[in-house]
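S.K.: This is the structure I have questions about; it appears just below.
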């Protein structure tokens, strides 16, 4: 049996307006301060797990949602059975009838107000080059893909801007958010970043409801770095767990890891406070401790003696290639980031797991905060 998506917090469409309502049991005790939002046309590119979650949120808020699916069977299942058999972990969740699967990018984006891009990060720039002619220049292109562009060792936003080769409203959504829990209605909080804060606010108002809260920032660099670089750090957290170390070790590791991420963020023009927020420490906590985290699981399996190539043959681990880019950035900006270096060394085989405690704990003593 397919399990229907939760209706709370409910939204309803009246006279072209999305009215967000509290559940009856909540109405007597709280009043929602979320603004009413005009019903929009939202396109979702990429219907894996997270794309499906974004489509579900948009539909829950009463928007008209068109999703791009090349696969005929997937389109049929979404349009007739209201489920997505290719969304890993979400296959048995029933989707809203407001979600319509279409065959081409043009059909999805034709009159879209907001485009939620959920295709893999490494395929994104080429995808944009091939399809930018059918992407409205007025639409806000919001990427929910977390990662760096490995081909050029750069932020994904830089590669996206270059691929568009024109002025395009652009934003990035990130934060601690497993797709399955979003769809199931677990209260989830994320952040949307854009150089133009009004673009971020537009996405914020379109997607926010009582189970999915969106904050905004203009720190695109900080949000992107947090979303991407928490992945190799989560591999390290998995190694600690797999090697049997306790909470003392984990707390120290994550605290110092956030410090390294903050150093890198500042060097690349981001804001240090962003690392202390949802896309930094928030997403790191999720990925380091969450049972659904592939990066954490990779670290545990490495600690238990499994071969990295065998792990990668059965699952995607974003932190593996991203660790190399982190080390590249450290050298480029002349930063000493020993935790990133240690995780990268374990991944490449240059460092053995038993060497890591002495490698990190035996470093020269110093002050905690560098002035």
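The values are calculated or read from the model by the stated rules, or taken from the named source; none is laboratory data. If you're wondering where the values come from, they're calculated on a predicted model, not measured in any experiment. Here Cβ is always computed from backbone atoms with ideal geometry, including for glycine, and neighbour counts include all displayed protein chains.
S.K.: Restricting the search to region 253-304, which residues are out of contact with any helix residue (DSSP H, G or I) (no Cβ under 6 Å at 6 or more places or on another chain) and outside any helix (DSSP H, G or I)?
M.R.: 276, 277, 290, 291, 292
S.K.: Quick one: how many residues across region 241-266 are touching a residue at least 60 places away in the same chain (Cβ under 8 Å) and either under 19 Å from residue 300 (Cβ atoms) or touching a strand residue (DSSP E or B) at 6+ places or on another chain (Cβ under 8 Å) (or both)?
M.R.: Summing the residues that are touching a residue at least 60 places away in the same chain (Cβ under 8 Å) and either under 19 Å from residue 300 (Cβ atoms) or touching a strand residue (DSSP E or B) at 6+ places or on another chain (Cβ under 8 Å) (or both) in region 241-266 gives 5.
S.K.: Now for a different question. Has region 88-101 got at least one residue that is assigned to a helix (DSSP H, G or I) and at pLDDT 95 or above?
M.R.: Checked against the condition, which is being assigned to a helix (DSSP H, G or I) and at pLDDT 95 or above, region 88-101 yields no hits at all.
S.K.: Out of 324, 368, report the one residue that is at pLDDT below 95 and under 25 Å from the mean Cα position of the chain (by Cα).
M.R.: Selected residue: 324, the only one of 324, 368 that is at pLDDT below 95 and under 25 Å from the mean Cα position of the chain (by Cα).
S.K.: Can I ask one more? Among (1) in a helix (DSSP H, G or I); (2) surrounded by 15 or more Cβ atoms within 10 Å (Cβ to Cβ), there is one condition residue 317 misses while meeting the rest; what is its number?
M.R.: The one condition residue 317 does not meet is (1).
S.K.: So is residue 150 within 23 Å of residue 282 (Cβ to Cβ), in contact with a helix residue (DSSP H, G or I) (Cβ under 6 Å, 6 or more places away or on another chain) and touching a residue at least 40 places away in the same chain (Cβ under 8 Å) or not?
M.R.: Answer is no for this residue.
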